[in-house]
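See below for the structure under consideration.
Each reported figure results from applying straightforward, stated rules to the coordinates on display, with no laboratory input. Model, not experiment: these values are computed from the prediction. Because the Cβ atoms are built from the backbone with ideal geometry, glycine has one as well, and the counts that use them run over all protein chains shown.
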Amino acid sequence: MYNKAIVFEINEAYAIVLDDNGNFLKVRKKNDMKVGQKIFVLSEDIINCTDESKEKSITKTSKAKIKRKYMKWLYTAAATIVVITVLATTILRTSTAKADSMVYIEGSYGMEIKVDRHDRIKSIRYSNISKDTDNNTDNDTDMDTNKDTESGDNSNQDKWVGKNIDDVLPDIIREIDESQGEEVLDIKYSVSGHKEKRYEKKIKKSIDDYKDKVKKDRMQHDPMKNPPPPDSRDGEQEKYD
Amino acid sequence: METSFSIGSSKDVNKLIEENMGFIIKSVSGCTHRYISIENDDALSVGMMAFAEAVQKFDENRGNFYPFAKLVIESRVKSHLAKETKYISESFEEIEEKEGEFASREVLTDTDNMQEDIDIFKNQLELFDITLDVLVQCSPKHRDTRRNAVSLGERIAEDEYMTGIIYKKKKMPVKETALRYTVTEKFVKGNKKFIIAVMIVFYKKLRSLSAWIREAVR
């Protein structure tokens, strides 16, 4: 079966012709084709549009099937993620409810204070890291070990448990420094948890207040450590000269 | 197509060629890897002569005719192509010498005229946002529908009022066309792009194309 046709357009993969029945047809591209050329077209040269559309519809259906299949997995995965997220959040909330923040203050020894979300001290754990024992190889172990029984000040810490940390911070700092027993106050601290910045501010303020207070006390009680005004010192120097 | 070929004495070779034209075209096209041109295709002439030769030389006791005929056609066409290539390379120098003479002559062939018509046709189609690919999809599949669509397109092309509206709106007013030419709205709506294409051919007086379309639906 063959038809006569005029070549109307030559594309990269196919050509469009108008056959002698008045049909516009897509045909296979062959060598030496020219627009306007009248050619014989065989039935096997025609690219059947109905087949193309059928193929398209088949691919569409199969694509839809694949899509549906994948969507099932996608929904399952999404649901699993949601469940895991909810569970994780709940677990995290319950765990953080026990201790909202962790305050670590280090002077002559370290204090690990667990504070709940209402600023109440839940527990105190401390480790002996006095500067005298800095070279001790067991230092790290000491920090991690609960030393409640070793310190002998267990009663002091117990009295702070349940109290508001803001109220007892000055006492805690004094306790740590007094144990240190040095002239230069060197108190380090670190905070982790929800109210990190607030506690840091509070501790810093408490330390500063305490430092001022100690300086004043020392100046009052120990005149040797209280340097004379610069003028009088110069005068003394002149005397020696 | 017959599976076995019997050369009846009543059938002359010309009639056999006419009846087996599809086979001859397929054999020649398969050999040349190109479409056979309707006008002046040497390969087709060679193929037809080879077919006639095969008819004359065929011995019924040797098996089927068509594989034999195909062999003869392919053999003759291949040797023709080989000769043609040789001739072209030999006469190339002579052509170059006569280049000036050829250049001065501008001969417009039928294909050139057709090409011009097709260019105009495609440009006009663009005005209506129609491509040839769209026409492939939208052409009426049924012969009678196609004939009616061509007839309507031709009538619209002669109607200045309608062509004015269509060119102004860049689309076909379905209701108005249906009322004016007493056809169903469904018919106009379903074939409007093909009708516009036919209208363009006749309205722009694209002679080569209009002759082809008239012949097609006759």
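Things to note:
- Look at the stretch A:11-17: the mean tally of other chain Cβ atoms within 10 Å of its residues' Cβ atoms is 2.
- With neighbours defined as other Cβ atoms within 10 Å of a residue's Cβ, the residues B:ILE38, B:ILE195 order from fewest to most as B:ILE38, B:ILE195.
- Long pairs among A:LYS34/B:LYS141; A:LYS122/A:LYS195; A:LYS122/A:LYS159; A:LYS188/A:LYS213, criterion Cα-Cα beyond 20 Å: A:LYS34/B:LYS141
- Per-residue mean of foreign Cβ neighbours for B:201-209 is 1 (Cβ atoms of other chains, 10 Å radius).
- Anisotropy class of the stretch B:98-218 from Cα gyration tensor, a/c 1.5 cut: prolate
- Counting other Cβ atoms within 10 Å as a rough exposure proxy, the listed residues A:TRP73, A:TRP160 run A:TRP73, A:TRP160 from fewest neighbours to most.
- Peptide A:21-30 has a mean shielding of 6, counted as Cβ atoms of other protein chains within 10 Å of each residue's Cβ.
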